[in-house]
1. Just grab the label-to-label distance for Lys300 and Leu277, each label 7 Å out from Cα along the Cβ direction, in nm (one decimal).
2. Taking amide H positions as placed in the peptide plane 1.01 Å from N, state which residues far from Leu370 in sequence (5 or more) or on other chains have amide H under 5 Å from it.
3. Out of all DSSP beta bridges in the chain, what portion is antiparallel? Express it as a percent rounded to 5.
4. Tell me, rounded to the nearest percent, the portion of alpha carbon pairs in the chain spaced more than 44 Å apart.
5. Please report Ser163, Ser209, Ser197, Ser377 as a ranked list, fewest other C-beta atoms within 10 angstrom at the top and most at the bottom.
6. Please report the antiparallel percentage of the DSSP beta bridges confined to region 2-156, to the nearest 5.
7. Using a 10 Å cut-off around each Cβ, can you sort Ile372, Ile416 from fewest to most neighbouring Cβ atoms?
8. For region 192-430, build the charge dipole from Cβ charges (+1 Lys, Arg; -1 Asp, Glu) around the Cα centre, then report which of Asn284, Leu403, Thr334 sits farthest towards its positive end.
Amino acid sequence: MRKDIIKSLIAIRQSEIPFNVIERDVKLPVNRKKIITVPGVRRCGKSTMMEIAIDDLVRKGVPKENILWIGFDDERLVNMSSDELDDVIIAYMEMFPDIPIKDVYMFFDEIQLIKDWEYFVLRIYKSYCKNIYICGSNATMLSSELGSALRGYPLEYETYPLSFNEFCRFKGIVTDSFMEQDKARLKNAFETYNQESAFPEIVLTSSRSEQLKLLHGYFDTMILRDLAEHYRITNTGVIRYFIKRIMANLSKPTSINAIYNDIRSQGLKVSKDDLYLWADYACNIFLFMRIPKYDRSPVKERKSLDKFYCIDNGLRNAVLMPQSNDKGKNLENTVFMHLNRHKLQSDKISYFQGNAECDFVLRREENVVLLIQVSWSIADDETREREIKGLLEASSVTGCDNLLIITDDEKDSLNIEGKRVGVIPAWEWLLGNINYDKQGVQEGGHDSAQSPRR
C-alpha cells in the first residue's frame, strides 16, 4: 500500500515536468556527484530551485523517468519511519526496472519530517546514487545541522528571498536597458522592492491584504515552529517580543543586555543567557543575519555589539508599524542582503565605529577591499559631511581606498582629500556585479552563479 502511494507521487511529479517556474539568478549544479543541500528561510523558493534544476537536466537530455522526486509533506507519508524509506527506492525500481539506480537524480523535499532521514540519504549516496538533492522548511534543515548530519558530504546552496534582479524578472520589468523610460520603471520597481516583501509568493500576490496575511503567517510559523518547537522554548510571548525588539533596532548595534533589562522591567521572567541563545537561534533559522564591529583583534571583534539585519523588509514592516525613518533602514537592509547574497565563503562583512561610523567593511581573506556607506540621500550638506567623514576615518584605519556611498537616486564621483568616493543609486548598484577593485560595482551584467558552502 505504501509503495503504491510512493509510485503515484513519483508519477505525478514526472508528469509535471517541465515545471512552470520563473528562473532564479543562482542555479543548483547538475552532475556534481554530490549531495546538494538547499538551506534557507521558509518560503524563499527552495523547492522551486530544485524544480529549476530538474528542468535544466531535462533540457540537457535526461529523461523524465530518471527523475525521482518525493515530497514527504504528503499526509499519507507523515508516519513513515526511517526503515520504510527503502520503499522509495524499491517503488522506483519497480516502476523503472531498466534504469540503473546510479543514473537516477533524486530530489527529496521536506525529508526532515522523517526521523533519522540522514542515515538513509548517506547510505543511498555511498552505495547507489551520487546525484541527491534535499531541502526542507524547518530549522532541522539549517546549514549547521545539515553539515553535521551528513558528515561533511554536502555542497550547500543557501537560498534567499528574491534579489532585485529576480524581483524585476518576476514583475516582467526589463533590467538590461537604460533608456529613460526603462530607467523610470526600474526606479519605481526599486521603491516597491525596498519597502515591500521579496518572498516569491508575496511578489506574485497582488492583493495587499492577502500579502499581509501571508507574511503574518510566515512570522507566526517561524516563532511557533522553527523557534519554540524546534528549540523547546515555552515562553512564546517573550520570544515574540524579543524578536520584535531586534527588528525595531535594525541597522544599529544591538545590546542584548539592554533588551534584557527592558523585559525584566516589565515584570517578565527570562534569563539573559536565554536571550543570547534566542538571538543565535533566530540567526540559525535565517530570520536575522548579524555582523560584528570591525577590529583588527578577533577577540575585541567577538566582544563587540552586533548589528542585526532582517531576511526581508516586507516581513519586518508587516510585523512592526512602519516608522517615518524606515526608508533609510530598509535601504541599508537591502544593501546588506545583496552583499550577503554574493559574498564568497572567505568574505567577511562588518561595520566600522570610531569617532564616526561606516556601515559596511568588506574583507576578502584578511584584506579590507570595500567600504560602503548607505544613505537615502546626501543632498543635505550635514548628511553628506557625516557620511564622508565615516568613510574617510574607516579608510584611514583599514587602509582601503575603495569608497562607495549608495543612495536612493543620486549618482556622482567625489574627490575628497585625494580619495575618490563613488556615489551610486541603489537600483543601479543592485543590478551590477559587486567588484572589489573599482567602487563596488561593475556595470553591465549580473551575477549568475553562487559558490557553494561546504
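What follows is calculated from the coordinates using simple rules that are stated; it is not laboratory data. All of these numbers come straight from a predicted model, not from anything done at the bench. In this analysis, Cβ positions are derived from the backbone assuming ideal geometry, glycine residues included, and neighbour counts consider all displayed protein chains.
1. In this crude spin-label approximation the distance works out to 3.2 nm.
2. Under 5 Å from the amide H of Leu370: Leu362.
3. Around 50 percent antiparallel, to the nearest 5.
4. Tail of P(r) above 44 Å: 16 percent of Cα pairs.
5. Ser209, Ser377, Ser163, Ser197
6. Of those bridges, close to 0 percent are antiparallel.
7. Fewest-to-most ranking of Ile372, Ile416: Ile416, Ile372.
8. Result: Asn284.
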